[in-house]
Amino acid sequence: MNHLLVVPTYNEIENIEKLVKTVFELYPQISILIVDDSSPDKTADKVKKLKNEYKNLFLLERKSKSGLASAYIDGFNWGLDKGFDLFTTCDADFSHNPKYIQTAIDKINEGYDLAVGSRLIKGGDTNEKNYFRNILTRGGNIWANLILGTNISDLLEGFNTYTKSALLKIDLNKVSAKGFIFQAEMKYRAIKAGCKIFEFPIFFEIRREGKSKMNSFIIFEALFQVIKLRFSK
């Protein structure tokens, strides 16, 4: 399959080169699209230099910090226009170990439309030591599943692999989430569209370098947005 890894970035200069090199060492045939929101730390400039070394590395520069959800939507649409038929979403900070991409590929090859990485099923875990954050993660997923009527253990997780047909069934034009809840909305719409979904365990690692963009306010905001999503069309 023609496989695209979509990686949104904002101030990831400390991580991006290591991520790109790690992914290409493991999967030489994959393509990577970095969607950068005009990072002040010049992440895009680093990617441009790396492009001279890797022909399957691409850069989509956006004029301002427009958020994770729209970065993924723009990345998906770019990939669809270029003829890709498999799409993996991944953080730039090594929270998602690239080794798990192979597990997702295997599940897609078994006939699934969407392969979801999960911290919360048997075999999954995280090294997050903040008790409050862990409670929010688990409680947030329980809340989101309850409101949406879904049954995905880690509905809010961001390491996901979609087939082209799954994205077309979801209809990206209808996705309205602007923040953290985007991950839940994509899975929710995939379920409503009849996509076949497999959830597999991953170890979610707290970022190695740089500053986290996630905070408790973002998580709480997402929990309220779930209600709005439940009654959207």
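Tallying residues that are surrounded by fewer than 19 Cβ atoms within 10 Å (Cβ to Cβ) and either under 19 Å from GLY124 (Cα atoms) or under 12 Å from the mean Cα position of the chain (by Cα) (or both) within the range 99-112 yields 5.
Which members of the range 67-98 meet the condition of being surrounded by fewer than 17 Cβ atoms within 10 Å (Cβ to Cβ) and either touching a Ser or Thr at 6+ places or on another chain (Cβ under 6 Å) or over 21 Å from LYS18 (Cα atoms) (or both)?
Taking the range 67-98 first, the residues surrounded by fewer than 17 Cβ atoms within 10 Å (Cβ to Cβ) are 77-78, 80-83, 85, 97.
ASN77, TRP78, LEU80, ASP81, LYS82, GLY83, ASP85 - these are the residues of the range 67-98 that are surrounded by fewer than 17 Cβ atoms within 10 Å (Cβ to Cβ) and either touching a Ser or Thr at 6+ places or on another chain (Cβ under 6 Å) or over 21 Å from LYS18 (Cα atoms) (or both).
Name the single residue, out of those in the range 66-84 being out of contact with any strand residue (DSSP E or B) (no Cβ under 7 Å at 6 or more places or on another chain) and in a loop (DSSP other than H, G, I, E, B), that is nearest to ASP113 (Cα to Cα). Write out each step before concluding.
Initially, the range 66-84 is screened for residues out of contact with any strand residue (DSSP E or B) (no Cβ under 7 Å at 6 or more places or on another chain), giving 66-67, 69-70, 73, 77, 80-83.
Subset that is in a loop (DSSP other than H, G, I, E, B): 66-67, 82-83.
Numbers: SER66: 28, GLY67: 26, LYS82: 20, GLY83: 17 Å.
Within the range 66-84, the match that is nearest to ASP113 (Cα to Cα) is GLY83.
Yes/no matrix, rows are residues, columns are (1) within 18 Å of the chain's Cα centre (by Cα); (2) among the hydroxyl-bearing types (Ser, Thr, Tyr); (3) at pLDDT 95 or above:
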{"site": "TYR10", "(1), (2), (3)": "yes, yes, yes"}
{"site": "ASN15", "(1), (2), (3)": "yes, no, yes"}
{"site": "ILE34", "(1), (2), (3)": "yes, no, yes"}
{"site": "LEU50", "(1), (2), (3)": "no, no, yes"}
{"site": "GLU53", "(1), (2), (3)": "no, no, yes"}
{"site": "ALA69", "(1), (2), (3)": "yes, no, no"}
{"site": "ILE73", "(1), (2), (3)": "yes, no, yes"}
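Across the range 16-52, what is the number of residues that are assigned to a loop (DSSP other than H, G, I, E, B), of a type in the set (Ser, Thr, Tyr) and more than 23 Å from ASP81 (Cα to Cα)?
Looking only at the range 16-52, we keep the residues that are assigned to a loop (DSSP other than H, G, I, E, B), and these are 27-30, 37-42, 52.
With of a type in the set (Ser, Thr, Tyr) added as a condition, the list becomes 27, 38-39.
Filter once more, so that each one left must be more than 23 Å from ASP81 (Cα to Cα): 39.
Residues in the range 16-52 being assigned to a loop (DSSP other than H, G, I, E, B), of a type in the set (Ser, Thr, Tyr) and more than 23 Å from ASP81 (Cα to Cα): 1 in total.
Within the range 1-60, restricting attention to residues that are of a type in the set (Val, Ile, Thr) and surrounded by fewer than 22 Cβ atoms within 10 Å (Cβ to Cβ), which residue is nearest to THR89 (Cα to Cα)? Filtering first and then ranking leaves ILE30.
Against the criterion of being out of contact with any strand residue (DSSP E or B) (no Cβ under 9 Å at 6 or more places or on another chain) and among the acidic types (Asp, Glu), ASP36 does not qualify.
The residues of the range 158-190 that are surrounded by fewer than 16 Cβ atoms within 10 Å (Cβ to Cβ) and within 25 Å of THR9 (Cα to Cα), listed by number, are LEU168, ASP171, LEU172, ASN173, LYS174, SER176, LYS178, GLY179.
Picking from residues in the range 206-233 that are touching a helix residue (DSSP H, G or I) at 6+ places or on another chain (Cβ under 9 Å) and not in a helix (DSSP H, G or I), the one that is modelled with the lowest pLDDT is LYS213. Considering LYS55, LYS63, the condition of being part of a loop (DSSP other than H, G, I, E, B), among the basic types (Lys, Arg) and without any contact (Cβ under 8 Å) to a residue 12 or more places away in the chain is satisfied by LYS55 alone. None of ALA104, ALA177, ALA115, ALA144 is at pLDDT 95 or above and touching a helix residue (DSSP H, G or I) at 6+ places or on another chain (Cβ under 7 Å) except ALA115.
Can PHE87 be described as assigned to a strand (DSSP E or B), of a type in the set (Phe, Trp, Tyr) and under 19 Å from ALA193 (Cβ atoms)? Considered against the rule, which asks whether it is assigned to a strand (DSSP E or B), of a type in the set (Phe, Trp, Tyr) and under 19 Å from ALA193 (Cβ atoms), PHE87 comes out as yes. Within the range 155-176, the set of residues being assigned to a loop (DSSP other than H, G, I, E, B) and among the β-branched types (Val, Ile, Thr) comprises just one member, VAL175.
Scanning the range 191-205 finds no residues that are touching a Cys at 6+ places or on another chain (Cβ under 9 Å), modelled with pLDDT of 90 or more, surrounded by 21 or more Cβ atoms within 10 Å (Cβ to Cβ) and among the hydrophobic types (A, V, I, L, M, F, W, C).
The values are calculated or read from the model by the stated rules, or taken from the named source; none is laboratory data. Just so you know, these numbers come straight off a predicted model, no measurement behind them. A quick note on method: Cβ atoms are made from the backbone with ideal geometry, for glycine too, and the neighbour counts reach across all protein chains shown.
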